[in-house]
Amino acid sequence: MRAILLLSCCVLMLPAQRQGRQPRPIPANLPETNPSTSAQDVEAGRKLYMGRCGHCHGQSGEGGRGAVLNSGRFRHGSSDRDLFLIIRGGIPNTEMPGAFGVSDAEVWRMTAYVKQLGRQGAQDPITGDATAGAIVYQKNGCAQCHSVAGQGGFLGPDLTDIGAKRAPRHLRESIVTPSADVPLDYRPVAATTVAGKSISGIHLNEDEYALHLRDMSGNLRSFLKSELKDIKLSGTSLMPAYTSLSKADLENLIAYLDSLRPKAEATVWLFDRIENIGGHRTTVLGQPRVIDSPFGKAVEFDGVKDALFIDNHPLAGATTFTWEVIFRPDGGQTEQRWFHLSEQDPRTGADTDNRMLFEIRVVGDQWFLDSFNQSGTASRALMNRKALHPLGDWRHVATVYDGKELRNYVDGVQEGAAQLHLAPHGQGHSSVGVRINRVYYFKGAVHLARFTRRALSPSEFLAPPGKP
Ligand code: HEC
Ligand code: HEC
């Protein structure tokens with residue numbers, strides 16, 4: 001009987017697992033925007049979420065085994081369509097499963113609820129500096145109890161990927177009022193032996209005969225209950241409350257913890273604010289404005305003096321890459337260098353010649369794309385003067401390098417290609433709205449950029465924005 005049950009269970013499991021590895025086909029006529037967003041849809045989505053997702057992503061989307069969903073930042077894409085496809089199909093090679101056995105209508109309802117979760121934390125930006133925060137972390141002895149990438153102690157949770165798991169709000173609370181929310185697997189316990197010795201630590205488990213705990217030095221300890229006079233569980237965290245950190249130190253520490261993420265294959269920069277893009281320190285030139293686009297916020301540049309300088313080269317070290325941007329060119333001067341990634345000399349901080357650029361040329365009421373890439377003596381501009389597009393529309397553009405060939409695309413359609421060898425760039429910084437030396441300003445708006453450390457095929461690109 002048992003064997004038969006086991007067998008039938010395995011037969012049932014197999015197709016699901018196979019499906020799990022292969023992306024489900026995208027339904028025909030998949031809408032760009034969610035058709036199910038009424039209050040009833042959101043409520044139905046919430047119920048489905050609680051049953052299927054809450055144990056990994058937290059009941060309020062605060063994250064746990066799954067990613068934070070209430071911070072307003074979705075690494076894998078934030079449009080309705082992206083979220084639908086992620087929830088429906090899962091994310092290959094991660095713990096994120098597809099929602100199998102759920103109708104598309106139900107997936108749209110969950111999408112509506114996840115979108116709503118995402119809006120909750122949108123007011124919670126990272127304002128500190130991660131590098132300064134790493135020093136705060138060192139100085140305050142956090143590593144006595146926590147490990148990051150294998151370095152440090154074991155009493156508290158491993159923080160290696162904490163930024164991907166927890167929202168800034170939760171991180172702040174964990175530091176200032178650790179006792180507010182002590183996870184069940186970190187409950188403090190104090191045991192007193194019959195001989196009168198007392199040992200404190202984290203309660204690991206307990207049965208009729210024995211108690212297992214991790215003591216304050218991180219060692220596992222077991223006691224027979226017959227040796228113990230008293231066992232006291234407490235709700236007060238073993239982590240000291242860091243109430244006397246200055247505001248700046250605390251915010252820097254939060255920025256540092258937030259930066260601790262799995263070495264993600266893809267990084268998304270959302271242009272939904274100007275003071276901080278992609279979690280990096282950002283310098284503002286002129287008065288770029290945050291505007292509403294059909295898919296969320298975007299930053300608009302005036303073509304004369306507006307620009308953002310971002311303290312990061314998101315493709316430094318990449319041997320292959322895909323650089324995608326959703327933007328809207330609005331006119332302005334003929335030559336525009338609107339997104340520039342530049343390597344810097346680590347000794348002087350000066351820009352080297354190694355750079356990656358998105359440029360456009362404006363021709364009447366149309367434009368064409370120019371993708372310029374240089375590394376060492378290899379350089380190439382990909383531009384097709386005949387591939388003209390009307391100004392004023394939102395577009396998806398991409399530059400892809402697979403280690404041999406550089407290609408560029410507008411709305412997933414290839415416009416240019418060239419064979420060359422581009423060595424990886426060193427660390428550097430980026431400018432948006434102007435070339436890094438402040439010439440050739442951009443008139444238009446940028447919604448989002450995604451950087452992936454491998455060559456994506458056009459079918460893997462972010463969905464091109466629907467034309468208005
Ligand atoms: C077994 C745990 C688990 C379950 C169950 C689960 N997820 Fe996930 N989910 C993850 C993990 C882990 C990630 C992060 C994957 C990565 O990027 O490495 C993730 C990522 C996501 C993302 C992308 C987040 C981003 O930053 O782009 C969304 C959206 C999401 N999950 C929604 C859901 C929804 C809705 C459900 C329920 C239908 C669900 N998940 C069920 C573990 C889970
Ligand atoms: C004496 C040991 C100890 C020290 C020192 C310590 N912690 Fe903790 N920490 C813990 C324990 C135990 C927990 C788990 C219980 C809890 O959440 O309060 C914890 C929890 C946390 C969490 C929440 C983790 C999660 O998964 O939600 C964060 C974040 C954190 N600590 C950061 C820090 C930082 C930053 C410092 C230094 C400023 C620090 N800790 C110093 C013991 C310590």
Kindly establish whether Ala112 is in contact with a Ser or Thr (Cβ under 6 Å, 6 or more places away or on another chain), more than 9 Å from ligand 2 (Cβ to nearest atom) and either outside the structural domain of Cys56 (by TED's automatic domain parsing) or of a type in the set (S, T, N, Q) (or both).
no
Just to be sure, is Asp104 crowded, with 17+ Cβ neighbours inside 10 Å and either of a type in the set (D, E, K, R) or within 16 Å of ligand 2 (Cβ to nearest atom) (or both)?
no
Exactly one of Gly156, Gly201, Gly141 is in contact with a Phe, Trp or Tyr (Cβ under 8 Å, 6 or more places away or on another chain), more than 30 Å from Ile87 (Cβ to Cβ) and not assigned by TED's automatic domain parsing to the domain that holds Ser60, and that residue is Gly156
Might you let me know whether the stretch 415-428 holds any residue that is surrounded by 14 or more Cβ atoms within 10 Å (Cβ to Cβ), of a type in the set (S, T, N, Q) and under 26 Å from Thr319 (Cα atoms)?
no
So is Tyr186 near ligand 2 (Cβ under 6 Å from one of its atoms), among the hydroxyl-bearing types (Ser, Thr, Tyr) and in contact with a strand residue (DSSP E or B) (Cβ under 6 Å, 6 or more places away or on another chain) or not?
yes
Mind listing just one residue for me: the one in the stretch 68-98 that is over 20 Å from Glu32 (Cβ atoms) and at pLDDT 85 or above and, of those, surrounded by the most Cβ atoms within 10 Å (Cβ to Cβ)?
Leu69
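Conditions (1) of a type in the set (S, T, N, Q); (2) modelled with pLDDT under 90; (3) surrounded by 13 or more Cβ atoms within 10 Å (Cβ to Cβ), marked per residue:
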residue	(1), (2), (3)
Arg166	no, yes, yes
Leu171	no, yes, yes
Val176	no, no, yes
Val182	no, yes, yes
Gly218	no, yes, yes
Lys225	no, no, yes
Lys232	no, no, no
Scanning the stretch 86-106 residue by residue, those among the small types (Gly, Ala, Ser) and either touching a Gly at 6+ places or on another chain (Cβ under 7 Å) or more than 8 Å from ligand 1 (Cβ to nearest atom) (or both) turn out to be Gly89, Gly90, Gly98, Gly101, Ser103, Ala105
Given (1) surrounded by fewer than 18 Cβ atoms within 10 Å (Cβ to Cβ); (2) within 16 Å of ligand 2 (Cβ to nearest atom), identify the lone condition not met by His146.
(1)
Please enumerate the residues belonging to the stretch 107-135 that are closer than 18 Å to Tyr49 by Cβ, crowded, with 17+ Cβ neighbours inside 10 Å, within 16 Å of the chain's Cα centre (by Cα) and more than 10 Å from ligand 1 (Cβ to nearest atom).
Gly121
Scan the stretch 57-76 for residues that are within 8 Å of ligand 1 (Cβ to nearest atom) and out of contact with any helix residue (DSSP H, G or I) (no Cβ under 7 Å at 6 or more places or on another chain) and jot them down.
His57, Arg73, Arg75
Taking the stretch 390-409 and keeping only residues that are among the hydroxyl-bearing types (Ser, Thr, Tyr) and in contact (Cβ under 8 Å) with a residue 60 or more places away in the chain, one is left with Thr399, Tyr401
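Residues are listed down the side, and each one gets a yes or a no for (1) assigned to a strand (DSSP E or B); (2) under 22 Å from Leu448 (Cα atoms):
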{"site": "Trp338", "(1), (2)": "yes, yes"}
{"site": "Ser342", "(1), (2)": "yes, yes"}
{"site": "Asn354", "(1), (2)": "yes, no"}
{"site": "Arg380", "(1), (2)": "yes, no"}
{"site": "Asp393", "(1), (2)": "no, yes"}
{"site": "Ala398", "(1), (2)": "yes, yes"}
Failed condition for Pro465, given (1) part of a strand (DSSP E or B); (2) not assigned by TED's automatic domain parsing to the domain that holds Pro346, with all others met?
(1)
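Residue-by-condition table, conditions (1) modelled with pLDDT under 65; (2) within 16 Å of ligand 2 (Cβ to nearest atom); (3) under 28 Å from the mean Cα position of the chain (by Cα):
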| site | (1), (2), (3) |
| --- | --- |
| Arg2 | yes, no, no |
| Leu6 | yes, no, no |
| Cys9 | yes, no, no |
| Leu12 | yes, no, no |
| Gln19 | yes, no, yes |
| Ser36 | no, no, yes |
| Asp41 | no, no, yes |
| Arg46 | no, no, yes |
| His55 | no, yes, yes |
Hand me the list of strands (runs of 3 or more DSSP E) wholly inside the stretch 259-301 holding 1 or more residues that are in contact (Cβ under 8 Å) with a residue 40 or more places away in the chain, away from ligand 1 (no atom under 16 Å from the Cβ) and on the phi < 0 side of the Ramachandran plot.
280-285, 289-293
Identify all residues within the stretch 59-94 that are more than 16 Å from ligand 2 (Cβ to nearest atom) and farther than 24 Å from Pro465 by Cβ; write none if there are none.
Gly90, Pro92, Asn93, Thr94
Note on the stretch 134-147: residues in contact with an Asp or Glu (Cβ under 8 Å, 6 or more places away or on another chain) and closer than 16 Å to Arg261 by Cβ are His146, Ser147
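The values are calculated or read from the model by the stated rules, or taken from the named source; none is laboratory data. If you're wondering where the values come from, they're calculated on a predicted model, not measured in any experiment. FYI the Cβ positions are ideal-geometry reconstructions off the backbone, even for glycines, and counts take in every protein chain you see.
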